[in-house]
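Novice: Here it is: the structure, laid out below.
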Amino acid sequence: MQIVSDIESLRSVLAERRRHGERIALVPTMGNLHEGHFSLIQQARQHADFVVASVFVNPTQFGPNEDLARYPRTPDQDAQGLREYACDVLFMPTVETMYPFGAEQGVRVSVPGLGNLLEGAIRPGHFDGVATVVTKLFNLVQPDIAVFGMKDYQQLLVIRRFVRDLCLPLRILGAPIVRESNGLARSSRNQYLDSAQRDQAAAIHDALLWVRDQVVAGVDALSAIEVAASQRLAHAGLASDYVVVRRRTDLEEPVLGQREDLVVLIAARVGGVRLIDNLEILPTS
Ligand code: AMP
């Protein structure tokens, strides 16, 4: 696996692969990699000949009260893991490389509506930062496909939205959520949980399953289900930011009486650790 940090080296490696007619996949990450991330590499490998992973802690997606400096950075461990999963290139740019005019002065990509609800409402500007950096990564790598986790469901929709709206020539794949044995979605933030909190955090997955079961059983008072699920979380010692059932396509509230594909989304805090998770409610579930 090659590790590159400058644009010129990245482009020359990729030009060579393209000359050989290879299909290129990109897996963008912020590092501190775990099994969830590696599952994306595996998925990328199944759809492409050449797999590029990026590790970049993107300053523009952090709010003023979110501690960018404290984000866990484990480059050596990440490189080792990616090697084991047969990633071909690890791209680790500096902030200056990604933001030549400075993080504040650079051009922004913004996704109105979808980018401003739920996570976007709680973390203003977050999805502008994500859309901006991912657009830059797409322009740098020019991949045929890019793989993102369904763990960050709204992020995946935001990315699909700007890819379509900006007519970007690549395919976006969503990869299933990788979970711990107790149902807790794998996340870099789980390392901040002690073992009692890990047990508590399993209540998020339990709540997702419970909500899904209610909806599938035909209970149509969605707001009552949401409130009850939030109480279940509170009972387990978790403070929820939101528990909502939304349309899978745009995360808007479902139209009463209309059968639509839905998703349950939860953001909740255990101690000081904020966790997000979701579960699609498929017609067959
Ligand atoms: P991050 O490094 O947190 O920005 O995540 C990079 C990518 O990994 C994103 O597309 C995430 O959705 C994905 N990811 C993170 N955790 C998981 C997980 N538990 N299962 C599947 N994908 C994940």
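Novice: Please label the shape of the range 117-160 as rounded, prolate or oblate, based on the square roots a ≥ b ≥ c of the eigenvalues of the alpha-carbon gyration tensor (a/c under 1.5 means rounded; beyond that, a/b larger than b/c means prolate, else oblate).
Specialist: Verdict is oblate for the range 117-160.
Novice: Moving on to the next point. Starting from 0.36 nm per residue, how many nanometres of slack lie between Tyr192 and Arg248 once their C-alpha separation is accounted for?
Specialist: Values: separation 56, 0.36 × 56 = 20.16 nm, distance 3.03 nm.
Contour length minus the Cα-Cα distance gives 17.1 nm.
Novice: A further question follows. Could you tell me the center-to-center distance, by alpha carbons, between the range 213-229 and the range 59-107 in angstrom?
Specialist: 39 Å
Novice: For the range 198-268, restrict the atom set to alpha-carbon positions and state the Rg and Dmax in Å.
Specialist: My reading of the Cα-based Rg and Dmax gives 11.9, 38 Å.
Novice: Among DSSP beta bridges whose residues both lie in the chain, state the antiparallel percentage, nearest 5.
Specialist: Close to 50 percent.
Novice: For the residue pair Phe101 and Thr74, what label-to-label distance in nm results when each label sits 7 Å from Cα along the Cα-to-beta-carbon direction?
Specialist: According to this spin-label approximation, the distance is 3.7 nm.
Novice: OK, next. Provide Ile266, Ile177, Ile122 in ascending order of the number of other Cβ atoms located within 10 Å of each residue's Cβ, fewest first.
Specialist: Ascending Cβ contact count within 10 Å gives the list Ile122, Ile177, Ile266.
Novice: For the range 1-99, what is the relative contact order in percent, using Cα pairs closer than 8 Å and at least 6 residues apart in sequence?
Specialist: Reported as a whole number, the value is 41 percent.
Novice: Please give the helix 153-165 orientation as an angle from the longest Cα principal axis of the chain, in degrees from 0 to 90, rounded to the nearest 10.
Specialist: Its long axis makes an angle of about 50 degrees.
Novice: In addition: Per-residue counts of other Cβ atoms within 10 Å, averaged by peptide: what ranking do you get for 135-141, 47-53, 2-8, highest first?
Specialist: 47-53, 135-141, 2-8
Novice: About its Cα centre, how strong a charge dipole does the range 128-257 have in debye, to the nearest 20, once Lys and Arg get +1 and Asp and Glu get -1 at the Cβ?
Specialist: With only Lys, Arg, Asp and Glu charged at Cβ, the dipole is about 400 debye.
Novice: Going by alpha carbons, how many degrees (0 to 90, nearest 10) lie between the helix axis of 75-84 and the longest principal axis of the chain?
Specialist: 90 degrees
Novice: Ranking request for peptides 57-63, 180-186, 192-198, 216-222: highest mean number of other beta-carbon atoms within 10 Å first, then the rest in descending order. Write down the numbers at each step before the final one.
Specialist: Values: 57-63: 18.1, 180-186: 16.1, 192-198: 13.4, 216-222: 11.6.
In decreasing order of mean packing, 57-63, 180-186, 192-198, 216-222 become 57-63, 180-186, 192-198, 216-222.
Novice: Just going by the charge dipole of the chain, with Lys and Arg at +1 and Asp and Glu at -1 on Cβ, which of Tyr192, Ala236, Val27 is farthest out on the positive end?
Specialist: Val27
Novice: Report the full-extension gain for the segment Ala15 to Asn139: residue separation times 0.36 nm, less the Cα-Cα distance, to one decimal in nm. Present the calculation step by step, with values, prior to reporting the outcome.
Specialist: Values: separation 124, 0.36 × 124 = 44.64 nm, distance 1.33 nm.
Residue separation times 0.36 nm, minus the Cα-Cα distance, leaves 43.3 nm.
Novice: Taking 0.36 nm per residue of separation and subtracting the Cα-Cα distance, what length does fully extending Gln231 through Asp67 add?
Specialist: 56.1 nm
Novice: Same structure, new question: Rounded if a/c is under 1.5, else prolate if a/b beats b/c, else oblate: with a ≥ b ≥ c from the C-alpha gyration tensor eigenvalues square-rooted, which is the chain?
Specialist: Here the chain falls in the prolate category.
Novice: May I ask you to order 153-159, 102-108 by the average number of other C-beta atoms within 10 Å around their residues, highest value first?
Specialist: Values: 153-159: 22.9, 102-108: 11.0.
Order by mean packing, descending: 153-159, 102-108.
Novice: For the chain, what is the mean residue ellipticity at 222 nm derived from helices alone (per DSSP H run of n ≥ 4: -39500 (n - 2.57); sum divided by total residues; nearest 500 deg cm²/dmol)?
Specialist: -12000 deg cm²/dmol
Novice: May I pose another question? Only Cα pairs under 8 Å and at least 6 apart count here; give the relative contact order of the chain as a rounded whole percent.
Specialist: Reported relative contact order: 16 percent.
Novice: When Asp144, Asp165 are ordered from fewest to most other Cβ atoms inside 10 Å of their Cβ, what list results?
Specialist: Asp165, Asp144
Novice: In what order do Cys167, Cys87 fall by count of nearby beta-carbon atoms within 10 Å, going from fewest to most? Before the final figure, lay out the partial values.
Specialist: Details: Cys167 6, Cys87 24.
Going from least to most buried by this count: Cys167, Cys87.
Novice: When a/c reaches 1.5 or more, the comparison of a/b and b/c decides; with that in mind, is the range 135-253 rounded, prolate or oblate per its Cα gyration tensor?
Specialist: Oblate is the answer for the range 135-253, as a/c is 1.5 or above yet b/c matches or exceeds a/b.
Novice: If you take every DSSP beta bridge whose two residues both sit in the range 49-186, what share of them, in percent to the nearest 5, is antiparallel?
Specialist: 10 percent
Each reported figure results from applying straightforward, stated rules to the coordinates on display, with no laboratory input. Note that the coordinates shown come from a computational prediction; the quantities given were computed from them, not determined experimentally. Cβ coordinates were reconstructed from backbone atoms using ideal geometry, including for glycine residues, and neighbour counts include every protein chain displayed.
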